[in-house]
């Protein structure tokens, strides 16, 4: 008959397991990054200690959930890491490769714990082989630098010895979610438990027994080769809520003939001959510290769907606030208008703070490619160094997750088809080591991600020949260089001479472009033969809410991202030079400014405005102007996706609902710039020197009316 507590334990494990899986995956990712960092600084004590803590945390947490396979395998990894941090071993490239392979297996075992359908039996043979290699390194059989006098103490520490342990758990152990039995199971993974004795006097009579209180007072012997610090770590989760004593082997009863173990580093001579009582550290000492000693911030894990729900509600609140403000202006009551203005400012602060919760540094994604560059370059017999710049640039977390696969494809292509072998680079007069750079920065309200390599570049002639062969370009016709490079985004286009497990530059690039454009982003390529290739990806900061600049053309309303608006020009006769195709050029302070008319380009049925304005837009390092009828100022814009009917509409990236319920289309300023800079552009016809207008002026009630888009 099952014990009634078994169902409770299983229920607790089922509820807590997802949190363990998430935390374990973060620790495993951290292990990989630390190992890659240690390749450049193999003797960095701080990195080695952090590496050991990550592995130990995964092992300890897995033991609590009864994941014996994870505990058993990670124990061997932990033993080698312990030797590294104590100086008994020295990290070599071969050892680093072994630890990376082991980390992959730990990740596989943890994933299997969350997915019961995942079968890890096929990799059991590989894990056994890795365990054998780990043991050879740990035992000193593998080739390692000699540690001299430290070898003897290491051999003594590896001997199995008896430790006498006494532990009295606190009354609130169960209430805090801790299971003493799980701790004993973890200790059983370190060695053999013997002479387990329960002090029954600590258990009250049945009438006074509280079922939720813990009254366990245990004493037992642990036969293990683990040092005292490793034993203490088993109680790290209950350290503040228990009384723990650990008696060294030399002081254990009946152990006079046992070899004398060295005293712990932090033990005094007097304490070395008696049982060591591990007291809870002072409250101040238990606070997490950063490297410079400052207190680290506190973190709360929140499910992504809950945060998404809050942001969706916030978007509705922004729309409702805009409607309330419009009604308040119509009443012309100063107190009501002022109250709504105050509410708008508060909502804007809430919006900024809430969206900031979703922002994460893109450097975390960039760091994942260190392993990819290391392994792929080794397989291709290339020497490549990865440089990361602007890793602190923040981007919406959902976008970071969705951009990872396109970045992976571009990085692998650069390694396979862009960068040369050391022999080829030397013959071309380059350094033998190639360089791949991942960088990110903010630019005009967007995030610019650049993948740059100093490889062989893209041969325009080969691309053009392939396009002629496939009928993408009429034979004999040579488009401009920029248009030739765009051909590699055609489905199935590739210039690779041989098919390998890595795509040649161009294979799958149409999918890369589709994934980036699905995020309202754009991708561009610039390349010089023999010099290398730059691939630029521009993404919006967030997919939810932006600051917009609302304008009107006839009865239609449009929105520019506010960060892209440079200035506004107003003057008589601005629209007189617009040609039939909706485009022209103007001279602005000695510079030629392309200008386009939205009513002409999009075929809007509206009469020319008596006093139009030109909104100057900055995008991708260039400026252009847009002729508009009405300026309506700053507008908090909740972004809504376009329906399939409008997805082919050039220059438009989304839509938004205004306060009066009408729809305004949001411009893709980069695509709109391509339309403004078309080859049919006319030359300058007049000079403009009108004064700038303030960008944050609010629309009047009459200007706020909207009746949708007429096309």
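Tell me, which residue of the range 564-595 that is under 19 Å from residue 671 (Cβ atoms) and in contact with a strand residue (DSSP E or B) (Cβ under 7 Å, 6 or more places away or on another chain) is modelled with the lowest pLDDT?
The qualifying residue modelled with the lowest pLDDT is 582.
Every residue in the range 199-214 that is surrounded by fewer than 18 Cβ atoms within 10 Å (Cβ to Cβ) and either touching a helix residue (DSSP H, G or I) at 6+ places or on another chain (Cβ under 8 Å) or assigned to a loop (DSSP other than H, G, I, E, B) (or both), please.
199, 203, 204, 205, 209, 210, 211, 212, 213
Give me the residue from the range 540-556 that is at pLDDT below 85 and assigned to a strand (DSSP E or B) and, out of that set, farthest from residue 312 (Cα to Cα).
That would be 540.
Which one of these is assigned by TED's automatic domain parsing to the domain that holds residue 533, modelled with pLDDT of 90 or more, in a strand (DSSP E or B) and surrounded by 17 or more Cβ atoms within 10 Å (Cβ to Cβ): 386, 395?
Every option except 386 fails the conditions.
Residue check, residue 311 against (1) surrounded by 13 or more Cβ atoms within 10 Å (Cβ to Cβ); (2) free of Cβ contacts under 8 Å to residues at least 60 places away in the same chain, all met but one. Which one?
(2)
Among (1) surrounded by 16 or more Cβ atoms within 10 Å (Cβ to Cβ); (2) under 21 Å from residue 60 (Cβ atoms); (3) touching a strand residue (DSSP E or B) at 6+ places or on another chain (Cβ under 7 Å), there is one condition residue 243 misses while meeting the rest; what is its number?
Every condition holds for residue 243 apart from (1).
Which of the residues belonging to the range 141-170 are modelled with pLDDT of 70 or more and surrounded by 14 or more Cβ atoms within 10 Å (Cβ to Cβ)?
Result: 161, 162, 163, 164, 165, 166, 167, 168, 169, 170.
What's the total number of residues in the range 543-557 that are in contact with a helix residue (DSSP H, G or I) (Cβ under 7 Å, 6 or more places away or on another chain) and either closer than 18 Å to residue 617 by Cβ or buried (at least 20 other Cβ atoms within 10 Å of the Cβ) (or both)?
6
Can you tell me how many residues within the range 495-539 are assigned to a loop (DSSP other than H, G, I, E, B), in contact with a strand residue (DSSP E or B) (Cβ under 8 Å, 6 or more places away or on another chain) and at pLDDT 80 or above?
2
The values are calculated or read from the model by the stated rules, or taken from the named source; none is laboratory data. All of these numbers come straight from a predicted model, not from anything done at the bench. Every residue, glycine among them, receives a Cβ derived from its backbone with ideal geometry; neighbour counts consider all protein chains shown.
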